[in-house]
Structure formats: structure tokens, C-alpha cells
Amino acid sequence: MKVAVAGCCHGALDKMYETLELLQRRHNVRPDLLLCCGDFQAVRNEADLRCMAVPAKYRHMQTFYRYYSGEKKAPVLTVFIGGNHEASNHLQELPYGGWVAPNIYYLGYAGVVRFRGVRIGGISGIFKSHDYRKGHFECPPYNQQTIRSAYHVRNIEVFKLKQLKRPIDIFMSHDWPRSIYHYGNKKQLLKMKSFFRQEVESNTLGSPAASELLQHLKPTYWFSAHLHVKFAAFMQHETNSKEELPKATKFLALDKCLPHRDFLQIIDVEHDPNAGDSLEYDAEWIAILKATNSLVNVTQNSWNMPENNGLHAKWDYSVTEEAIKEVLEELNHDLKIPCNFTLTAACYDPSKPQKNMEPVHTINPQTTEFCAQFGLTDINDRIQQAKEESSGRGECEEEEEEEMDSTGSAEEPSEYNTDNSGLSSFNPDEIMLDEEGGDEDLSTCSVDPSPDHPPEFSTSFSDIRVMPDSMAVSSDDATDSNNEELEKSGGSRQGQERSPTERSLKRIGADENGNSGVKKIKRRNQAIYAAEDEDK
């Protein structure tokens with residue numbers, strides 16, 4: 001089947017779907033499925049805009065609300081993950097995934113589904129070490145910290161995904177797996193984005209958590225976005241035994257959705273011709289959710305996932321064939337995901353703007369139904385309970401909790417000591433927030449949809465190379481795509497902590513408390529909706 005893959009669409013759904021229609025008219029190519037790798041921006045109304053971590057001038061209503069209201073319907077089944085510029089209050093309603101509009105499905109904080117026998121997984125958000133070991137404690141209305149931390153990847157989601165044993169066909173992450181740039185045309189990448197050089201050379205660009213998942217899952221395809229540049233790589237994985245067949249991953253990072261920009265990719269994926277056309281649950285993933293349900297944490301206290309280090313009675317939460325069979329029996333072998341989309345918020349009305357609409361913490365009926373069916377914890381319900389209990393304990397105990405959180409886990413340090421989820425250096429092609437005033441004018445928003453201009457597209461998968469059999473990386477620049485061999489040398493997966501002056505120049509979500517005494521440098525926000533690529 002044909003699968004279309006898009007990068008950051010930034011709410012421009014009309015543009016994205018018009019491009020697919022253009023593809024069909026010009027080339028007679030009709031995708032069966034559309035995947036979006038984050039920054040989807042499922043904004044329903046003005047309150048959602050206020051929950052999106054972007055400067056006020058980028059808060060545009062765009063066109064998702066038309067699909068949410070039913071005015072329009074997605075012409076192709078669309079599956080997406082969250083990025084770092086989302087209506088976090090909306091996506092938070094669906095921590096285990098669900099429909100945000102008819103025919104548009106969100107994978108949740110992490111998730112695995114099936115379509116026509118193809119197994120598709122993904123993880124939402126971006127990596128930040130200072131939030132990685134916390135629970136999902138945030139809820140609207142957000143403050144200047146939680147509006148950012150709400151989209152940071154948590155260790156429990158990575159832990160769940162690492163329990164998977166069965167092969168994954170396609171996996172999506174918003175930020176890139178760390179080190180993947182060493183398996184493609186690195187020279188060309190640095191030519192297009194020269195400001196990546198420092199972190200590429202120090203091997204600190206991207207997510208170490210995503211890199212760990214890449215090595216564990218070894219999917220056939222891995223798609224990412226976030227850095228607003230198209231980049232392809234080919235990674236040959238090491239085998240654990242002589243009997244194990246060699247595996248390789250085709251990696252592709254997609255550009256942002258802009259007019260006259262090559263932001264869509266079409267790939268042919270082997271599928272089960274006998275499978276139906278409905279999106280389906282994945283039985284192993286459901287079994288893993290059930291097995292790990294006791295690990296759910298809705299506090300901001302830092303903690304580590306169980307591992308075989310003598311501190312945990314159980315550390316292997318992978319599931320048996322019997323557990324998977326039980327899930328199938330619970331569902332009567334009908335894995336079809338119910339089309340149970342429900343409106344949970346008022347939809348934007350251009351004739352009746354409501355700029356003072358406040359976001360509220362909502363429990364989505366889809367999540368309630370899903371949790372009841374499989375015996376899972378409704379994370380949002382637990383958060384509301386925790387808030388009620390916290391308000392009843394009094395101010396003294398709340399201060400005690402904050403003090404305990406500041407010290408972190410008493411068990412052991414985090415497995416990742418870096419704080420890079422992309423670029424700490426200046427990226428002129430990405431939305432940025434000022435350190436001190438990033439969330440100023442939260443009440444200000446624009447509701448003017450941007451004009452629709454179908455961009456050009458390309459259906460080629462270019463710049464793919466076979467790279468070393470090891471995940472070990474070289475600190476030297478990779479040779480260009482005409483060379484056959486690359487050097488092999490060890491490289492650290494973990495970068496060094498940055499100095500205070502480096503920390504003062506950070507991307508969205510990379511803020512840290514307690515950096516007093518360091519002069520904050522106000523950065524200029526660069527437009528992401530420019531028609532032409534101005535990178536030199």
C-alpha cells in the first residue's frame with residue numbers, strides 16, 4: 001500500500017490534503033494512509049491556542065477546526081504523533097490515543113496500532129532530561145513551565161515501548177534519534193543547516209531516548225520531523241546471534257509544511273491484502289499497557305523505571321503469548337478501533353470570536369471507554385484526584401512536595417544526563433521562545449487562517465546509504481553520498497552538560513529553573529510560514 005508521510009504541518013490541514021489531491025490528479029497516486037510526525041496543531045478554538053507553546057504572533061487558528069466541527073472530513077485516514085508546538089490541552093485528553101476528528105487519529109503519548117496488517121508505532125513530544133523521569137502531572141490551565149513540560153517525553157513511555165518483542169514496520173518520533181545523522185549524507189546536512197555542526201560533531205543533536213528505541217525496536221522505517229529539513233539515512237543493525245536475520249532501518253526526516261516545499265513523502269509498504277481497511281488496536285501493545293498500568297505516575301517527582309539492578313523485584317514487563325491471547329479474547333478477536341469521536345470543546349466560530357475563552361481540564365469519553373474496557377488508569381482522572389487531594393492537604397505539605405521533587409529520585413541518577421532534544425544552538429528555521437518572556441501575551445491570538453497554496457512534492461527516497469553495522473559513530477564528518485566506506489570509531493551517546501552561557505540560548509521547552517545570575521539573551525523569533533527557504 002502507499003503511505004504518505006508529512007513533517008510538521010502546523011495546523012495547515014487544508015494545504016496537506018490539497019497536496020494529496022494534486023498528487024492524485026497529476027500522477028494518479030492515491031495514498032491509503034497519511035502519517036504526520038508532530039506539530040500537528042489540533043486547535044479547536046481560542047482556548048486551545050493559549051495552550052500552544054509558541055509566541056503570540058504564531059498563534060493562528062489555521063484549519064483543523066473545520067475537520068473537528070465536521071465541516072470537512074479528512075480524505076485519507078490520518079495518524080499522527082504530538083510534537084512541541086501543539087494544543088496540549090486537547091491532546092492531553094487522549095493519553096492512550098484516540099480520534100481528534102473523524103478519520104484523524106492521535107497515537108497518544110506513545111502507541112502502536114495496525115492498518116492493513118502494517119504495524120505502526122510512535123512516541124509524542126521531544127526529549128528534555130530535566131522532565132524525563134517525571135510523571136504526566138500537567139493539566140490546563142498551564143503556567144509558563146507546564147505549557148512546555150507537557151510535551152516532554154517521559155521515561156515510562158519509552159519503557160513501555162521497550163517491552164515490545166514483535167517486529168515494528170513503521171515508527172514515528174518528533175525529534176530525531178541521536179546519532180542518526182552519522183548514517184546519512186552528513187556533509188549535505190551540514191551544508192543546508194550549518195548551525196547543526198557543533199552538536200553533530202559532539203554527538204548531542206537529537207534524542208538519546210529515541211536512539212535507544214531505534215536500537216531496540218529496529219523498525220523497517222523511522223520517520224521524524226522537528227528540525228525542518230529533509231534528511232535520509234540507512235542504518236544496518238547489529239545482530240545478537242548468528243541465527244538472527246540482519247535488520248535495517250530506513251530513516252527519513254521530513255521538512256515543514258509550506259507552499260512550494262517538498263514536505264510530503266510517498267512510500268510503498270508491504271501489507272496484508274486480506275486485512276480490512278479499518279485502523280486496529282495492536283494486541284501486544286494493549287497487553288503491555290495492562291502489564292505496566294501499576295507504573296502510572298501523575299506527580300512531578302522524579303523516578304526511574306524498573307531495571308535489573310537489585311533495586312526492583314520486577315523489571316521485565318514484556319508480555320507472554322498467553323497475555324496477548326487474553327486481549328484477543330476480550331475483544332472477541334475484533335481489533336477494530338471504534339469510531340467513537342466525540343466533541344469535547346466548543347468549536348471556533350469565525351463569526352463569533354471568543355478571545356477570552358479559558359482552557360479547562362477535560363476527561364475525554366474516548367479515554368474513559370478505553371480505560372474501562374482494558375482496566376487501565378485514566379491519567380486525567382488521576383490528575384484531578386491528585387489536585388483535589390493536594391488542595392486539601394494545605395500549603396505546608398505542597399511546599400514539602402516541591403522540596404522533595406527538587407532533590408530528584410533517591411534511588412539512582414537518570415540514565416540520560418544531557419538536555420538536548422534537537423538544537424541548543426540557534427536554528428533560524430524553528431519557532432523559539434524567549435527565556436524570560438516566551439509565554440507573554442497568552443491571551444493574544446490570531447484567528448486568521450493562512451492562505452492555501454498547494455506545495456510541490458517529490459516521491460523519491462533519496463540520499464540513502466548503507467552505513468556501518470554498528471551504532472558506534474564517528475566524530476569526524478561523514479563522507480558524501482558518492483563514497484562507499486566510512487570510518488568506524490567509538491562515539492559517546494551522551495553529550496556533556498552545557499555551560500551556563502550555552503544554556504541561556506535554548507530552544508522551546510529547554511528552560512530550567514534556578515539559572516539566576518545568567519543573563520538571558522532574547523532571541524528573535526523566525527517565521528516558519530515563509531514561502532521560501534531562506535537558509536543559506
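Here are a few things to note about the model shown:
- Test: residue in region 307-316 that is open to solvent by less than 30 Å² (accessible area, probe 1.4 Å) and touching a residue at least 60 places away in the same chain (Cβ under 8 Å): no
- Candidate set from region 173-215 (those that are of a type in the set (Lys, Arg) and open to solvent by 10 Å² or more (accessible area, probe 1.4 Å)); member that is nearest to Ala248 (Cα to Cα): Lys187
- Matching residues in region 55-78 - criterion: being touching a residue at least 60 places away in the same chain (Cβ under 8 Å) and under 22 Å from Thr362 (Cα atoms): Arg59, Met61, Tyr65, Tyr68, Ser69
- Region 216-233 - residue that is touching a helix residue (DSSP H, G or I) at 6+ places or on another chain (Cβ under 9 Å) and either open to solvent by 30 Å² or more (accessible area, probe 1.4 Å) or among the β-branched types (Val, Ile, Thr) (or both) and, of those, nearest to Tyr132 (Cα to Cα): His216
- The set of residues from region 339-358 being at pLDDT 95 or above and among the aliphatic types (A, V, I, L, M) comprises Leu343, Ala345, Ala346.
- Only one of the numbered conditions (1) at pLDDT 95 or above; (2) in contact with a helix residue (DSSP H, G or I) (Cβ under 7 Å, 6 or more places away or on another chain); (3) open to solvent by less than 10 Å² (accessible area, probe 1.4 Å) is violated by Pro31, and that is (3).
The values are calculated or read from the model by the stated rules, or taken from the named source; none is laboratory data. The shown structure was predicted, so the numbers you read here are calculated from the model rather than taken from an experiment. So basically every Cβ, Gly included, is an ideal-geometry build from the backbone, and we count neighbours across all protein chains shown. Note: accessible area is taken over every heavy atom of the protein model, side chains too, but ligands, DNA and RNA are not part of it. Shrake-Rupley method; radii C 1.70, N 1.55, O 1.52, S 1.80 Å.
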